[in-house]
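Since the structure comes first, as C-alpha cells, the remarks are kept for the end.
Any read-out appearing in this document is the output of simple, stated calculations on the displayed coordinates, not a laboratory observation. Keep in mind the model is a prediction, meaning the values are calculated, not measured. Cβ placement follows ideal geometry from the backbone for every residue including glycine, while neighbour counts extend to all protein chains displayed.
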Amino acid sequence: MIKRVRSWWTREDKMEPSAPSIDNVPEHVAIIMDGNGRWAKRQGLPRFIGHRSGMKAVKRTTIAADKLGIKYLTLYAFSTENWKRPKDEVDFLMRLPQEFLAIELEELIENNVQVRMMGDREGLPSYTINAMEEAVRRTADNDGLVLNFALNYGSRKEITDCMRELGRKIEAGTLKPEDITEEMLDQYMLSSGIPDPDLIIRTSGEMRISNFMLWQMAYSEMWFTDVYWPDFNEHYLYEAVAEYQRRTRRYGGLT
C-alpha cells in the first residue's frame with residue numbers, strides 16, 4: 001500500500017466550508033493555464049517570475065482536485081503555438097517541468113498521483129523529455145489522481161496525425177473507411193485511455209479554446225475566470241466545480 005503523507009494532502013482532510021458537494025464531482029477537469037506573464041507585468045516583475053509562480057498554482061490545484069475526488073486533471077502547459085514566443089522565454093518554459101518534478105515528484109509518488117504527458121515529443125529538449133518520462137515511469141503503478149500535462153500539444157495536429165494514421169491503414173488495406181467510428185478515433189487521440197473532460201477551466205479572462213482538446217471537448221462544460229493563473233487556488237476550483245454541479249448536462253437531448 002502506498003503511504004499518503006500529511007505534509008502535502010490527504011483526501012480525508014476536512015474540506016473548507018466553501019467547498020462544493022462531493023456528489024456529482026466532474027471526473028475529468030482540464031485547465032487552460034493562462035495569465036502568468038500579465039500577472040508578472042501587473043506587479044512590475046519579469047515574465048519568468050510569473051511562470052515560476054504558476055508552478056505553485058499547479059501544486060495547489062492538484063491538491064484541491066485530489067481532495068474533491070477528481071480522477072483526472074489535465075493542465076495545458078505548453079502549446080504547439082507557444083514556440084512563437086521569444087527564445088529566452090521558451091527556453092525557460094522548457095526547464096519548468098524539470099524544475100517542478102525535481103521538487104515535487106517524490107510527494108506525487110507518495111500521494112499516489114500518476115503523471116502522464118500528452119503532446120508531441122519531437123522538438124522538445126532532451127532534459128524536458130527525460131524529466132517527464134522519469135515521472136511517468138516512476139508513477140505508472142499509482143492508481144490515484146491522474147495528473148496529465150499537455151506539453152507541446154495542439155489539438156489540430158493531434159487530429160491531423162490521427163487522420164494520417166487511419167489513412168495509412170486504409171492505403172494498406174487493413175481498414176475500410178466505412179469501419180471508422182468515433183470510438184476508433186478516440187483510440188488514436190493522444191488522450192486515449194482518459195475520459196473526455198467534463199469541465200474545462202480557462203484563467204486570465206480570455207474566452208477562447210486556443211487549440212485545446214477540440215475533439216474531446218464536444219460536450220464539456222466551460223468555466224472562465226478573470227483570475228490570472230498564479231493566483232488560482234482551491235477556492236476558484238471549488239467555485240468552478242460548484243457551478244458545474246448547478247448545470248444540467250443534456251448531451252443534445254432533453255432531461
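Some notes on this structure:
- Once the Cα-Cα distance is subtracted from the 0.36 nm per residue extended length, the Glu107 to Ala172 segment shows a gain of 18.7 nm.
- Förster-model FRET efficiency, 35 Å R0, Arg156 and Asp23, C-beta, rounded to 0.05: 0.45
- Computed E for Thr248/Ser192 - FRET, C-beta separation, R0 51 angstrom, nearest 0.05: 0.95
- Potential extension, Gln43-Ser210 segment - 0.36 nm per residue separation minus Cα distance: 57.6 nm
- Between amide H atoms placed 1.01 Å from N, distances below 5 Å from Ile31 occur with Thr74, Leu75, Tyr76, Ile201, all of them 5 or more places distant or on a separate chain.
- Residues with amide H under 5 Å from that of Thr80, placed H, sequence gap 5 or more: Tyr153, Gly154
- Every helix of 4 or more DSSP H residues in the chain counts as -39500 (n - 2.57), and over all residues that averages to -13500 deg cm²/dmol at 222 nm.
- Sites counted here are chymotrypsin sites (Phe, Trp or Tyr not before Pro) in a DSSP loop (not H, G, I, E or B) having no more than 12 other Cβ atoms within 10 Å; the longest part of the chain that contains none of them is 1-218.
- Loop trypsin sites (Lys or Arg not before Pro), the range 103-187, which have at most 13 other Cβ atoms in a 10 Å radius of their Cβ (DSSP): Arg121
- Taking each of Lys67/Lys169; Lys87/Lys157; Lys71/Lys157; Lys56/Lys87; Lys87/Lys169 in turn, the alpha-carbon distance tops 32 angstrom for Lys67/Lys169; Lys87/Lys169.
- Multiplying the residue separation of Arg138 and Arg85 by 0.36 nm and subtracting their alpha-carbon distance yields 15.9 nm.
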